[in-house]
Each structure stands twice: as C-alpha cells, then as structure tokens.
1. Taking H as built 1.01 Å from N, whose amide H comes closer than 5 Å to the amide H of I109, not counting residues under 5 places away?
2. Semi-axes of the equivalent ellipsoid of the range 28-148: what are they in whole Å, largest first, if each equals the square root of 5 times a C-alpha gyration tensor eigenvalue?
3. Rounded to the nearest 500, what is the 222 nm mean residue ellipticity of the chain from helices alone, with -39500 (n - 2.57) per DSSP H run of 4+ residues and division by all residues?
4. Residue by residue, what Karplus-based ³J(HN,Hα) values in Hz, rounded to whole numbers, does the range 207-223 have, using 6.51, -1.76 and 1.60 with θ = phi - 60° and x for Gly and Pro?
5. What are the residues whose amide H is under 5 Å from the amide H of D230, where those residues sit 5 or more places off or on another chain and H is modelled from the backbone?
6. Would you kindly derive the ³J(HN,Hα) couplings of the range 185-197 from the backbone phi angles with the Karplus curve 6.51 cos²θ - 1.76 cosθ + 1.60 (θ = phi - 60°), listing them in order in whole Hz, with x for Gly and Pro?
7. I need the calculated FRET efficiency for the pair S95 and F196, taking r as the beta carbon distance and R₀ as 30 Å, to the nearest 0.05.
8. Tell me, what is the percent relative contact order of the chain, built from C-alpha pairs under 8 Å that lie six or more residues apart?
Amino acid sequence: MKKILIFFVVTFIVAQTNAQTSIFNDLLQKHVTKDGIVDYKSLKNDEAKLDSFISYLEKTSPDNSWSDNKKRAFWINAYNAYTIKLILENYPIKSIMNIKKKGKTAWKIPFAKVGGKTYTLDHIEHEILRKKLFDPKIHVGVNCASGSCPKLGNKAFTEENIEAELTQLMKDFVNDATRNKLGKKKVQISSIFDWFKGDFTKNGSIVDYLNKYSDTEIKSNAKISYLKYDWSLNGK
C-alpha cells in the first residue's frame, strides 16, 4: 500500500512539473521569435500565465532524486521566467541595466522565490548552476534580456531536451556574426568568453572551445579581442 501511494505521489509530481513547464513553453513559443526577439508588449497581456508558472516555482524544490539535466532545466527555466517577470514589472524599459531596487542591480535583488526560499538571479546562476550543475553551455541557457546576450530560446528546457537545446543555442551563438566575428586568424568574440573565461577553458583554450561549435576553423594562434556588450533590451 505504501509503495502504491509513493508511486501515485511521484506520478502526480511529474505530471504537475510537465504541465507547468508546458505553460512556460507555450509562452516562449508565442512571444519569442526564432531569433530570440521578445515581444514584451504582447507577453504583458499573458502575464497571468507566467504568474501561474512562477507560482509553481515558488512551491517546488528540485528533489535529490532528479538527474542533473532535470535540475539544470528547472533552474534555467526559473532564471529566465523571473528575468522576464522583472522586465514586465518595469516595462516599458530600454535596458535591464536601468532596473535598480534599494541600490541593487537586477541580478542582486532578492525576489526569485523557489521552493519557499528567495534567491537573487546571481545566486541561481553562480551558486547553483555554475557551482553545482556546471556546464559551460549554461551561459547560453540563462538569458540577460539584452542585445548581446545569447538569444533567448523559444522553448522551455526539460530533462529530455536540455542537452540538445543548449548545444544548438551555443552553435547559434558562436556563429552569429552580430555577437561573434570569426576568422581563421582573428576573432572578435562576445565579452561572455572573457567574463567567464575559466568556464570555457577547463579542457583547453578559448579557441579550442569555439572550434567545437564554429563553422569556421580558427587557428590555435588566432588573435583574440572582445566586443563591446550591448545592454539594450532584447525586445521588439
């Protein structure tokens, strides 16, 4: 009897997780283009659905039995949902950099509630995703709502799709000429590769990492420089 009860509880939790992730997925599909441009104005009209997903996040804590991919998907979705919520609460706005609360930037405001605890976006990214669930591709998963940021994917992450989706997002990012300018002997790349250089060079050089995804084969001694970051809103 006890085993049957546990089975039904687990089944219910899985069904709830899938249903709520589906709500977030539908929002992204409806309001984010394939190029990652967000229609915040129309999304504002669907804010109740975003709030429904956020309500689920507030009550849910990743379980120890979850795989790393499931945890990764959960926390990246949480990061992106709360970033979108923050933009909507301050919309219209030209840049996430303009959001301040009690002298704190958007990433340092404690407002993201998950599983009964309150987090900052920085804590989710740096203390949970980068420290406990490390994968360099996390940097194209979490979205800073800005022009130079890797595009916001228009699908919610799941345990099943996260590896393929992050890989595709990294390929798109690396080969996007507006964000990285790649040549055989010279590259001008996103400041993300500078700010988080240690994440990308654990198994080789920056060029080694770029070559895993680049359509252009970059020489190992290529000259590297970093592009100025565009913090304007990634909206229409």
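The values are calculated or read from the model by the stated rules, or taken from the named source; none is laboratory data. Keep in mind that what you see is a predicted model, and the values were worked out from it rather than measured. Glycine also receives a Cβ, built like all others from the backbone with ideal geometry; neighbour counts cover every protein chain displayed. For the accessible areas, the whole protein counts, side chains as well, though only heavy atoms, and no ligand, DNA or RNA atoms are used. Shrake-Rupley method; radii C 1.70, N 1.55, O 1.52, S 1.80 Å.
1. The answer is L121.
2. Whole-Å semi-axes of the equivalent ellipsoid: 22, 16, 15.
3. -13500 deg cm²/dmol
4. With coefficients 6.51, -1.76 and 1.60, one gets 4, 4, 5, 4, 5, 5, 10, 6, 7, 9, 7, 8, 5, 4, 9, 4, 6 Hz.
5. S148
6. 10, 8, 10, 10, 10, 4, 4, 4, 6, 8, 4, 10, 3
7. 0.90
8. 23
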